[in-house]
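Engineer: I'd like to ask some things about the structure below.
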Amino acid sequence: MPKTTTTERILRDALSRAVDGPVDTIPDDGRLEQDFGVDSLALAELVTDLEGRLSIVIPDEETGRLRTIADLRALLARLAPSGTDTA
């Protein structure tokens, strides 16, 4: 079983909150809007949740570029590298 990072667990939980339902798998090629139903309001809530839980700031211009889970994971890896510990 692959190890899950703290950041990955937080992402899964925050995405579940944003879509108001469980998210079992989060594929890199998953599109936030089309595959998960994350509209602009849900994206703002997702970003705010991630910022608070990871103690980071996600600039608005970065938020506007988020289209896929891979985009979001790459951004979090850049902004929250300490969250990559395994549990």
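Engineer: Can you tell me which of Leu50, Leu32, Leu54, Leu79 is surrounded by 10 or more Cβ atoms within 10 Å (Cβ to Cβ), in contact with a strand residue (DSSP E or B) (Cβ under 8 Å, 6 or more places away or on another chain) and not aromatic (Phe, Trp, Tyr)?
Structural biologist: Leu32
Engineer: Taking segment 35-44 as the search range and keeping residues that are at negative phi and surrounded by fewer than 15 Cβ atoms within 10 Å (Cβ to Cβ), which one is nearest to the chain's Cα centre (by Cα)?
Structural biologist: Among those residues, the one meeting the criterion is Ala44.
Engineer: For segment 48-64, does any single residue satisfy the condition of being in contact (Cβ under 8 Å) with a residue 60 or more places away in the chain and among the hydroxyl-bearing types (Ser, Thr, Tyr)?
Structural biologist: Scanning segment 48-64 turns up no residue that is in contact (Cβ under 8 Å) with a residue 60 or more places away in the chain and among the hydroxyl-bearing types (Ser, Thr, Tyr).
Engineer: Out of segment 1-26, which residues are in a loop (DSSP other than H, G, I, E, B), touching a Ser or Thr at 6+ places or on another chain (Cβ under 9 Å) and closer than 22 Å to Pro81 by Cα?
Structural biologist: Once the filter is applied, which keeps residues that are in a loop (DSSP other than H, G, I, E, B), touching a Ser or Thr at 6+ places or on another chain (Cβ under 9 Å) and closer than 22 Å to Pro81 by Cα, segment 1-26 yields Lys3, Thr4.
Engineer: Next question. Checking Ser55 against (1) polar (S, T, N, Q); (2) modelled with pLDDT under 90; (3) at positive phi, only one condition comes out false. Which one?
Structural biologist: For Ser55, the exception is condition (2).
Engineer: For segment 27-55: of the residues being in a loop (DSSP other than H, G, I, E, B) and not charged (D, E, K, R), which is farthest from Arg65 (Cα to Cα)?
Structural biologist: Top of the filtered list is Ser55.
Engineer: Going by the conditions given, is Ile69 within 12 Å of Leu11 (Cβ to Cβ) and surrounded by 14 or more Cβ atoms within 10 Å (Cβ to Cβ)?
Structural biologist: Yes; evaluated as a whole, the condition is true for this residue.
The values are calculated or read from the model by the stated rules, or taken from the named source; none is laboratory data. Worth saying up front: this structure is predicted, and the values here are computed from it rather than measured. Quick reminder, even Gly has a Cβ in these numbers, built from the backbone with ideal geometry, and neighbours come from all protein chains shown.
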